[in-house]
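The values are calculated or read from the model by the stated rules, or taken from the named source; none is laboratory data. Note that the coordinates shown come from a computational prediction; the quantities given were computed from them, not determined experimentally. In this analysis, Cβ positions are derived from the backbone assuming ideal geometry, glycine residues included, and neighbour counts consider all displayed protein chains.
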């Protein structure tokens with residue numbers, strides 16, 4: 001894990017596109033707000049109460065008109081013809097996922113590291129600014145930071161779970177040619193034909209873990225974004241931070257935290273082969 005962290009932090013692309021801009025945005029956008037202790041009225045406010053207060057101050061009224069359109073189908077459609085295209089599409093996605101596993105993993109390493117850095121920086125600034133006066137404020141920054149670290153570790157497990165020989169075989173099928181539909185379909189068919197059926201199922205769970213990690217990383221990042229926006233939007237009626245805080249409020253709910261924990265758990269069980277072993281033990 002240390003080696004992956006060093007590779008990410010020492011990567012020039014990370015420093016150029018993530019590290020430098022990230023620090024600039026963090027310190028420029030939130031330092032002015034976080035360095036100031038909360039007012040007496042804010043000290044008693046928990047994040048949910050502060051969000052409601054912000055809604056009242058800005059008097060945001062969202063009107064949605066819902067139109068219910070019922071479409072009746074007179075004849076039942078035959079879905080049997082869609083099975084083959086769906087199977088081919090699934091095989092192509094799996095084939096590309098294996099062939100580009102290292103690139104996908106590196107992207108997740110970079111995003112997880114950026115999200116964790118973002119969360120920890122916000123936590124430190126908030127702590128010295130006197131913002132952490134309730135447990136709710138701690139949870140708003142600590143949980144996404146820990147979730148980002150978990151995403152980093154699970155990505156390591158998922159990348160190392162698939163045999164290097166299988167990854168190289170998928171890459172060899174693509175060769176040095178430019179990607180096109182014909183190449184991907186033919187490569188996917190050869191890949192599925194030459195890999196054992198049970199190992200294909202194992203790969204499915206591993207790639208599922210990669211997808212769940214990506215979703216978890218995004219949720220953790222949005223949770224931190226909500227915290228930063230909520231902190232900066234306090235009493236700022238004309239600031240776009242208020243709109244951002246309300247737009248990302250769904251990520252601060254307890255149900256979202258529970259969902260994040262569930263996704264990370266399933267990702268870990270899929271990456272280390274537990275789900276695959278459990279399902280095969282039942283058959």
Any chance residue 142 is assigned to a helix (DSSP H, G or I) and buried (at least 16 other Cβ atoms within 10 Å of the Cβ):
no
With the condition kept exactly as written, say whether any residue in segment 229-243 is surrounded by 14 or more Cβ atoms within 10 Å (Cβ to Cβ), in contact (Cβ under 8 Å) with a residue 60 or more places away in the chain and closer than 25 Å to residue 110 by Cα.
no
Let me confirm something: among 224, 256, 248, 265, which residue is under 18 Å from the mean Cα position of the chain (by Cα), buried (at least 18 other Cβ atoms within 10 Å of the Cβ), without any contact (Cβ under 8 Å) to a residue 40 or more places away in the chain and closer than 25 Å to residue 107 by Cα?
248
Is one or more of the residues making up segment 237-250 assigned to a helix (DSSP H, G or I) and closer than 28 Å to residue 153 by Cα?
yes
Look through 266, 279 and report the one residue that is at pLDDT below 90 and either in a helix (DSSP H, G or I) or touching a strand residue (DSSP E or B) at 6+ places or on another chain (Cβ under 8 Å) (or both).
279
Among the residues of segment 152-177, which ones are buried (at least 17 other Cβ atoms within 10 Å of the Cβ) and in a loop (DSSP other than H, G, I, E, B)?
162
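Would you check which residues across segment 187-212 are without any contact (Cβ under 8 Å) to a residue 24 or more places away in the chain and in contact with a helix residue (DSSP H, G or I) (Cβ under 8 Å, 6 or more places away or on another chain) and list them? Reasoning before the result, please.
Looking only at segment 187-212, we keep the residues that are without any contact (Cβ under 8 Å) to a residue 24 or more places away in the chain, and these are 190, 193, 196-197, 211.
Hit for segment 187-212 is 190, nothing else.
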